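Below is one structure, written out as structure tokens, with a few remarks after it.
What follows is calculated from the coordinates using simple rules that are stated; it is not laboratory data. Quantities reported herein were computed from a predicted structural model and do not represent experimental measurements. All Cβ positions, glycine included, derive from the backbone under ideal geometry; neighbour counts span all protein chains shown.
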Amino acid sequence: MVKMDCLFCKIVDGTIPASVVKQNNKVTAFNDISPQAPTHILVIPNQHFKNMGEVSESDPDLAGEILKMASQIAKEYGLDSWRININTGESAGQSVFHAHIHLLGGRVFAWPPG
Ligand code: AMP
Ligand code: ZN
């Protein structure tokens, strides 16, 4: 279940500290260490998957749980506009290969993204 060399697995099991916002038995949310917006929270499956594509294909209910937690947090933070960003693969900007979604809010976002 825990991948020993994975940063986010270690955040889930508490070996590496993080500013955890919300956690249940399937999903963990914590503040991004390098925030790109006033609210920048990562929502991840507790179980190791390499990206969100893998989660969606092998466990669509879990993908739904991740989105649900992001929506709940957006509501709790009082965000009226927010963006969910999923980087899948290096060219799309993925740098940590444990599935995660970015919940961003608190500023105006440009479209199209860079
Ligand atoms: P991505 O580039 O989509 O793979 O996103 C990885 C995110 O993880 C980046 O936004 C990083 O700032 C963030 N990150 C890396 N290390 C940590 C950490 N120890 N705690 C919280 N966020 C982290
Ligand atoms: Zn992992």
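Picking from A70, A110, A74, which residue would you name as being within 11 Å of the chain's Cα centre (by Cα) and not polar (S, T, N, Q)?
Values: A110 fails: within 11 Å of the chain's Cα centre (by Cα); A74 fails: within 11 Å of the chain's Cα centre (by Cα).
Exactly one of A70, A110, A74 is within 11 Å of the chain's Cα centre (by Cα) and not polar (S, T, N, Q), namely A70.
The residues on offer are V27, V55, V96, and the sole one that is touching a residue at least 60 places away in the same chain (Cβ under 8 Å) and within 16 Å of ligand 1 (Cβ to nearest atom) is V96.
How many of the residues in segment 69-88 are among the hydrophobic types (A, V, I, L, M, F, W, C), part of a loop (DSSP other than H, G, I, E, B) and either loosely packed, with under 15 Cβ neighbours inside 10 Å or more than 15 Å from ligand 1 (Cβ to nearest atom) (or both)?
Result for segment 69-88: 1.
Look at (1) hydroxyl-bearing (S, T, Y); (2) without any contact (Cβ under 8 Å) to a residue 24 or more places away in the chain; (3) surrounded by 15 or more Cβ atoms within 10 Å (Cβ to Cβ) and you find that S91 fails only one, number (3).
When segment 32-51 is limited to residues that are aliphatic (A, V, I, L, M) and near ligand 1 (Cβ under 10 Å from one of its atoms), the one that is surrounded by the fewest Cβ atoms within 10 Å (Cβ to Cβ) turns out to be I33. Please work out which residue is farthest from ligand 2 (Cβ to nearest atom), limiting yourself to segment 3-18 and to residues that are surrounded by fewer than 14 Cβ atoms within 10 Å (Cβ to Cβ) and outside any helix (DSSP H, G or I). By that ranking, first place goes to P17. Scanning segment 19-61 for residues that are in a loop (DSSP other than H, G, I, E, B), within 13 Å of ligand 2 (Cβ to nearest atom) and not basic (K, R) turns up N46, Q47, H48, F49, N51. Could we say that D13 is more than 11 Å from ligand 1 (Cβ to nearest atom) and either at negative phi or among the polar types (S, T, N, Q) (or both) here? Here the answer is yes, as D13 does meet what is asked.
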